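This report concerns only the one structure given below.
Taken together, the values in this text are just the output of simple stated rules run on the coordinates, not laboratory data. All of these numbers come straight from a predicted model, not from anything done at the bench. Methodologically, a virtual Cβ is constructed for each residue, glycine included, from the backbone with ideal geometry; neighbour enumeration extends over all protein chains shown.
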């Protein structure tokens with residue numbers, strides 16, 4: 001059985017910890033190095049007590065010489081740091097990035113949306129925006145595998161097939177997404193220290209949330225034209241999970257049954273996307289701690305409009321699980337390895 005040696009940079013954050021837990025169950029992965037700066041010298045169990053009896057290396061500082069001893073590098077770091085690491089990759093290294101560092105195709109967009117200049121512009125052409133169910137046939141052609149953001153994952157999976165099949169109008173799409181506070185990282189507790197984070201619902205990033213950029217990019221690519229949409233994210237008083245409610249206009253002579261059938265056919269061979277019956281009340285409760293995306297289409301009081309519900313676990317399907325999915329695709333491992 002083939003095994004790949006892995007280095008994980010940024011293993012102490014919510015997504016990094018989730019990634020470690022998934023890879024510990026993966027038959028084809030050996031976690032060789034855990035890297036961090038302020039966490040160097042500590043055991044990972046310091047950050048998550050459930051890892052106390054697991055065989056894991058101590059956290060050390062990243063050094064480019066470590067790259068000689070690994071096949072894959074997972075980066076769950078603050079935006080900008082994976083770009084620096086990407087310039088040190090060796091020929092046999094494959095980078096799976098869980099930050100936003102290679103999600104956008106235009107280097108100038110990073111300054112617009114992330115307020116910093118891209119530090120590895122030449123490597124953008126070596127990267128792919130790797131939404132597994134959509135880009136699976138192309139992933140092996142790239143050295144840098146960029147995992148999509150959590151909100152875009154919940155949004156693009158239901159919308160892309162319908163745009164490709166020309167079943168919905170490409171104007172006036174309204175997206176309302178609610179996420180558990182783990183999506184804001186460990187710093188969220190300090191940021192919202194003066195607010196009632198655990199018992200209130202907050203809208204933020206209205207009209208200009210960073211994930212607008214990758215949603216726009218990928219919808220434009222699949223339709224070959226600019227798609228008009230409005231996206232508003234909300235911080236919800238739960239630890240994990242995302243529920244996206246998407247309002248769309250359907251084209252003439254298109255029924256809900258046709259919409260549902262199109263989604264079912266598109267994802268019929270995909271293990272981790274479940275298309276539910278019409279009007280099914282999708283809940284984050286059904287996907288928590290899993291790599292699944294549950295989708296349903298629901299009728300409204302208007303014949304030309306429908307509601308799409310999409311639920312994922314932001315830390316798994318919207319983060320670490322998606323990275324493992326891409327790993328399995330790249331190396332032809334069993335698609336469910338580490339994910340059940």
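Obtain the radius of gyration and the Kirkwood radius of segment 273-329 from its C-alpha atoms and give Rg over Rh.
Value, to two decimals: 1.10.
Per residue, how big is the convex hull around the C-alpha atoms of segment 127-207? Give it to me in cubic angstrom, could you?
Given the Cα convex hull of segment 127-207, per-residue volume reads 136 Å³.
Considering only DSSP beta bridges with both partners in the chain, what is the antiparallel share in %, to the nearest 5?
Of the beta bridges lying entirely in the chain, close to 40 percent run antiparallel.
Please report, to one decimal in angstroms, the Kirkwood hydrodynamic radius of the chain built from all distinct Cα-Cα pairs.
Answer for the chain: a Kirkwood hydrodynamic radius of 20.5 Å.
Could you sort 113-123, 196-206 so that the peptide with the highest average Cβ count within 10 Å comes first and the rest follow in order?
With the highest mean Cβ count within 10 Å placed first, the list reads 113-123, 196-206.
I'd like the distance separating the alpha-carbon centroids of segment 144-184 and segment 14-66, in whole Å.
If we compute the Cα centre of each part, the gap is 30 Å.
On a 0 to 90° scale, report how tilted helix 256-266 is relative to the longest principal axis of the chain, with both axes built from alpha carbons and the result rounded to the nearest 10.
Once rounded, one gets 30 degrees.
Report the Rg/Rh value for segment 99-241, based on alpha-carbon coordinates and the Kirkwood definition of Rh.
0.98
How much of the DSSP beta bridge set in segment 151-314 is antiparallel, as a percent to the nearest 5?
70 percent
Could you order the peptides 29-40, 286-297, 50-61 from most to least packed, using the average number of other C-beta atoms within 10 Å per residue?
286-297, 29-40, 50-61
Segment 151-314: percent of C-alpha pairs farther apart than 25 Å?
Roughly 30 percent, once rounded to a whole number.
Given the C-alpha centroids of segment 263-312 and segment 102-129, what is the distance between them in whole angstrom?
With segment 263-312 and segment 102-129 each reduced to a Cα centre, they are spaced 32 Å.
Please work out whether segment 195-271 counts as rounded, prolate or oblate from its C-alpha gyration tensor, where a ≥ b ≥ c are the square roots of the eigenvalues and a/c under 1.5 means rounded, while otherwise a/b larger than b/c means prolate and anything else oblate?
prolate
To check my understanding: the extent here is largest minus smallest coordinate of the Cα atoms along each principal axis. What are those three numbers for segment 1-137, in Å, largest first?
45, 35, 29
Based solely on its DSSP helices, what 222 nm [θ] is calculated for the chain when runs of n ≥ 4 H residues each add -39,500 (n - 2.57) and the sum is averaged over all residues, nearest 500 deg cm²/dmol?
Rounded to the nearest 500, the figure is -6500 deg cm²/dmol.
By how many degrees, between 0 and 90 and to the nearest 10, does the Cα long axis of helix 14-24 differ from the longest principal axis of the chain?
70 degrees
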